[in-house]
Amino acid sequence: MRDRDVPPVLNRAARVKKFPQVVRAGCWVCYRPVVQGRIALVAAIAATAGDVLLLATSNAGRPGFEWLPAPSESTLWVGTYLGLLAIPCYGLGYRAIARGLSAPYRGVVAALGVAGGVLGGTMHGLTGLVTHVELAGGTGGIDPVTLLARYGAYLLPLWALVGAGLVIGSTAFALGVARGRSSMPRWMALANPAFATLAIVLAGTTFDIGRAFLVPAAPNVAHVVFFALAAATSKRPTT
């Protein structure tokens, strides 16, 4: 196998064994991917919390959801900015994960992960904005599907771009891991974000609260699972 086909994480480990004086124990270069992965995991949890706050605001007043608190501008503001600021940090996690993949999977996963994070954050912020418009107009208790249909001209193109990037990036990740071209166990191929999102959506469609909360939040919940498993299974740098 050529050197450029070996994941950078493994390359570094081999170099440190041969030239131990080059990289000091505990150095930032060695542990940067670990830190980036942890940041992405925290960001995914924050973005999921943002989804819950947005959905609690938009679903309040709907039949069967009278138990939700009354819509609040402060809740909507916090939920909007949690996702808007957190989701672009997914790019850090994808870059860390891509370092454990060999070419050509490495570049595809890193590039689409960064782009998807930026677009996803934009989409979350726009969703918060249209929810605010609905509340200001006195239209409360609107379900996520109706909201998406009403503002489809603005939301659907972003959904399409993010969805396409998610599927392509997840496919590249799954192929690289399944073929043994990564530093992760092969079963991690099934934990790719697209497959995890689909599984969460299918589970959420089986009950009312799931359709109102879990299905719309599925992409961010899937990234919590993805980044957590990636952090737990990735090989630590050798020093």
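Among the listed residues 118, 78, 42, 130, identify the single one that is without any contact (Cβ under 8 Å) to a residue 60 or more places away in the chain and touching a Phe, Trp or Tyr at 6+ places or on another chain (Cβ under 6 Å). Matching residue, one of 118, 78, 42, 130: 130.
Could you figure out which of (1) crowded, with 21+ Cβ neighbours inside 10 Å; (2) free of Cβ contacts under 8 Å to residues at least 40 places away in the same chain isn't true of residue 209? Exception for residue 209: condition (1). Just checking, does the range 160-172 include any residue being in contact with a His (Cβ under 9 Å, 6 or more places away or on another chain), farther than 20 Å from residue 215 by Cβ and not β-branched (Val, Ile, Thr)? No, the range 160-172 contains no residue that is in contact with a His (Cβ under 9 Å, 6 or more places away or on another chain), farther than 20 Å from residue 215 by Cβ and not β-branched (Val, Ile, Thr). Any residue at all in the range 155-173 that's under 20 Å from the mean Cα position of the chain (by Cα), crowded, with 16+ Cβ neighbours inside 10 Å and within 19 Å of residue 232 (Cβ to Cβ)? Yes, the range 155-173 contains at least one residue that is under 20 Å from the mean Cα position of the chain (by Cα), crowded, with 16+ Cβ neighbours inside 10 Å and within 19 Å of residue 232 (Cβ to Cβ). Within the range 32-89, the set of residues being modelled with pLDDT under 95, closer than 13 Å to residue 220 by Cβ and among the β-branched types (Val, Ile, Thr) is empty. Would you confirm, using the coordinates I've provided, whether residue 146 is polar (S, T, N, Q), surrounded by fewer than 17 Cβ atoms within 10 Å (Cβ to Cβ) and not in a loop (DSSP other than H, G, I, E, B)? For residue 146, the condition - polar (S, T, N, Q), surrounded by fewer than 17 Cβ atoms within 10 Å (Cβ to Cβ) and not in a loop (DSSP other than H, G, I, E, B) - is met.
Against the test of being closer than 25 Å to residue 80 by Cα, modelled with pLDDT of 95 or more, part of a helix (DSSP H, G or I) and aliphatic (A, V, I, L, M), the options 198, 155 yield a single qualifying residue, 198. Any residue in the range 128-136 that is aliphatic (A, V, I, L, M), out of contact with any His (no Cβ under 9 Å at 6 or more places or on another chain), in a loop (DSSP other than H, G, I, E, B) and farther than 30 Å from residue 180 by Cβ? No, the range 128-136 contains no residue that is aliphatic (A, V, I, L, M), out of contact with any His (no Cβ under 9 Å at 6 or more places or on another chain), in a loop (DSSP other than H, G, I, E, B) and farther than 30 Å from residue 180 by Cβ. Among residues of the range 174-188 being of a type outside the set (D, E, K, R) and free of Cβ contacts under 8 Å to residues at least 60 places away in the same chain, the one that is surrounded by the most Cβ atoms within 10 Å (Cβ to Cβ) is 188. Scanning the range 215-239 for residues that are over 17 Å from residue 166 (Cβ atoms) and in a helix (DSSP H, G or I) turns up 228, 231, 232, 233.
Selection within the range 50-77: residues that are of a type in the set (A, V, I, L, M, F, W, C), touching a helix residue (DSSP H, G or I) at 6+ places or on another chain (Cβ under 6 Å) and part of a helix (DSSP H, G or I). The member of this set that is surrounded by the most Cβ atoms within 10 Å (Cβ to Cβ) is 54.
The values are calculated or read from the model by the stated rules, or taken from the named source; none is laboratory data. Fair warning: this is a prediction, and the values are worked out from it, not measured in the lab. Here the Cβ is made from the backbone with ideal geometry for all residues, glycine too, and neighbour counts use every protein chain on show.
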